[in-house]
Amino acid sequence: MCDARSLLVACMQFINALVTSPEGLDFRIHLRNEFLHCGLKNILPDLKDNKNEELDIQLKVFENKEDDLIELSHCLSDIGAEMDDIKEVYHLLYNMLKDTPSENCFLSILLHFLLIRNDYYVQEESSILVDFGVRRRG
């Protein structure tokens, strides 16, 4: 029989196999974000507190996204932004889209976010809805 820790390790091994195997950078980033969005982000701190060497190895593999970030920075040439920093990503998008036909769409998206009422649950649901729509187009 499989105990809970072995199951956690096996699940993380499976997730890592899925996330690291595709050749395409876009798909690897998409898969990693999907797992984070589906709840892995919320349980990662608890998993890290679990005193299990095998699980720690799998968590390090999942969190080791340096190769993807390096490849992404090469794809985006001389950008050099920290892709986990919301301010840097915003400024990157702003600089990429200003004075282009897409600038008005970007502004519209931001204005729609401003219209979301200041209610935690409504904000979260609206953000999930927008994220879902974007992921379906990508």
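The values are calculated or read from the model by the stated rules, or taken from the named source; none is laboratory data. On a predicted model such as this, the values are computed, not experimentally measured, just so you know. Positions of Cβ are generated from backbone atoms using ideal geometry, with glycine treated the same way; all protein chains shown enter the neighbour counts. Surface accessibility is based on the protein's heavy atoms, side chains included, excluding ligands, DNA and RNA. Shrake-Rupley method; radii C 1.70, N 1.55, O 1.52, S 1.80 Å.
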(request) Take the Cβ-Cβ distance between Ala17 and Glu88 as r, set R0 to 30 Å, and report the resulting FRET efficiency rounded to the nearest 0.05. (result) 0.50
(request) Excluding residues fewer than 8 places away in the same chain, name every one of the aspartates and glutamates whose C-alpha is closer than 13 Å to that of Lys65. (result) Asp26, Glu82, Asp84
(request) Could you work out which residue, out of Glu23, Glu63, Glu34, moves most in a Gaussian network model of the chain, that is, has the largest mean-square fluctuation with Cα springs under 10 Å? (result) Glu23
(message) Leaving ligands and nucleic acids out of the surface, order Ile29, Ile15, Ile86 by accessible area at 1.4 Å, largest first.
(response) Ile86, Ile29, Ile15
(request) Can you check how the C-alpha radius of gyration of the stretch 91-138 compares to 2.2 N^0.38 Å, as a plain ratio? (result) 1.29
(request) Find the percent of Cα-Cα distances in the stretch 1-119 that exceed 17 Å, and round it to a whole number. (result) 67 percent
(request) Would you calculate a helix-derived [θ] at 222 nm for the chain, using -39,500 (n - 2.57) for each DSSP H run of n ≥ 4 and dividing by the full residue count, to the nearest 500? (result) -23000 deg cm²/dmol
(request) Please build a GNM for the chain, connecting alpha carbons under 10 Å apart, and tell me which residue among Phe113, Phe62, Phe27 fluctuates the most. (result) Phe113
(request) Considering only Leu111, Leu36, Leu92, give the residue with the highest GNM mean-square fluctuation for the chain, with springs between Cα atoms whenever their separation is below 10 Å. (result) Leu111
